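Following: one structure in structure tokens, then a few remarks.
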Amino acid sequence: MPVKTIDYQKLYNITDMQTPLEDDCGKLCGKICCRPDKNNTLGVYLYPGEEDMFTKEEDWLCWEQRNPVEDDFPASWSNPVYFIRCTKPCPRKHRPLNCRFFPLAPHLLKDNTLLLIYETLRLPYKCPLIKRKIPLRKDFIDTVAHCWQELLKDQRVRDLVKMDSREREKEGKHPFIVRTILPQ
Ligand code: SF4
Ligand code: SF4
């Protein structure tokens with residue numbers, strides 16, 4: 001499958017006003033996912049080309065260029081991959097995709113069925129949405145599902161999601177499924 005260019009502006013536009021709950025979920029936990037942990041390891045990777053949505057001069061971000069081989073990305077990812085950490089609260093409309101999707105993550109079954117699940121990564125904090133499996137807004141789930149259908153058209157992203165999915169299965173994790181999208 002050829003590499004496709006992802007229209008990040010479109011994905012940012014459709015996720016701009018989306019929130020997992022009617023109310024601000026940050027009130028449940030004091031916005032713990034936006035605060036540095038004690039080793040300051042908390043941050044997010046950007047998807048290929050997503051760095052162009054930023055000026056790299058944002059005063060709320062710290063940038064790192066990482067080697068995809070050393071960080072266990074699939075072979076299709078080219079060097080570098082960008083990892084960003086927040087030094088203070090972001091202007092919401094500029095938050096990266098991974099923050100827009102949280103707490104949902106994609107899981108691809110071997111028959112290409114896409115599942116949206118609550119994130120299973122080990123995190124240095126407890127997200128009440130994940131811990132208590134709080135039901136999320138339908139329009140939030142719809143939008144995240146649509147974004148993943150778009151992102152998965154890019155072979156690099158697809159390789160990453162497949163790799164993470166196989167890893168999750170190998171570890172015997174049983175993710176909590178919030179949406180099943182059958183292959184078209
Ligand atoms: S940790 Fe979970 S509940 Fe708290 S702000 Fe982040 S997404 Fe919302
Ligand atoms: S970009 Fe915004 S939403 Fe994401 S972790 Fe930083 S402060 Fe939180």
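The values are calculated or read from the model by the stated rules, or taken from the named source; none is laboratory data. This is a predicted model, so every value here is computed, not measured. Heads up, the Cβs are rebuilt from the backbone with ideal geometry, glycines too, and the neighbour counts pull from every protein chain shown. Note: accessible area is taken over every heavy atom of the protein model, side chains too, but ligands, DNA and RNA are not part of it. Shrake-Rupley method; radii C 1.70, N 1.55, O 1.52, S 1.80 Å.
Worth pointing out:
- Volume of the Cα convex hull of the range 41-123, divided per residue and given in Å³: 127
- Taking every C-alpha pair closer than 8 Å and separated by at least 6 residues, the mean separation divided by the residue count of the range 8-172 gives a relative contact order of 28 percent.
- Surface composition of the chain: carbon and sulfur make up 53 percent of the accessible area, probe 1.4 Å.
- Each principal axis of the Cα cloud of the range 8-172 was taken in turn, and the coordinate range along them, longest first, works out to 38, 36, 33 Å.
- Computed FRET value (nearest 0.05) for Thr5 with Met163, which takes r as the C-beta separation and R₀ as 22 Å: 0.55
- Each residue of the range 108-120 was assigned a 3J(HN,Hα) from its phi angle through the Karplus expression (A = 6.51, B = -1.76, C = 1.60, θ = phi - 60°), giving 9, 6, 4, 8, 6, 5, 9, 10, 9, 10, 6, 3, 10 Hz with x at Gly and Pro.
- 1.4 Å probe accessible area per residue over the chain, in Å²: 59
- Simple label model, 7 Å out from Cα along Cβ direction - Arg85 to Asp59, nm: 2.0
- Tail weight of P(r) past 15 Å, computed on alpha-carbon pairs of the range 99-156, percent: 53
- Loop GluC sites (Glu not before Pro), the range 95-172 (other Cβ atoms within 10 Å of the site Cβ: 14 or fewer; DSSP): Glu171
- Partner lysines for Lys153 [C-alpha distance under 18 Å; skip if fewer than 8 residues away on the same chain]: Lys4, Lys10, Lys110, Lys162
- Ranked order, Phe176, Phe101 - accessible area, probe 1.4 Å, largest first: Phe176, Phe101
- Peptide ranges 107-118, 29-40 listed from the most packed, as the mean C-beta count within 10 angstrom indicates: 107-118, 29-40
- Projected-area mean, the range 1-78, by convex hull of Cα positions, square nanometres: 7.7
- Residues of type aspartates and glutamates that Lys131 reaches as a straight line, Cα spacing below 12 Å, ignoring anything fewer than 8 places off in the same chain: Glu119
- Karplus-derived 3J(HN,Hα), 6.51/-1.76/1.60, for each residue of the range 33-48, Hz, glycine and proline x: 6, 9, 9, x, 7, 5, 9, 6, 9, 6, x, 9, 7, 9, 7, x
- The chain: most fluctuating residue of Lys93, Lys131, Lys56 per GNM, C-alpha cutoff 10 Å: Lys131
- On full extension, the segment bounded by Ser78 and Thr180 gains 33.7 nm, given 0.36 nm per residue less the C-alpha separation.
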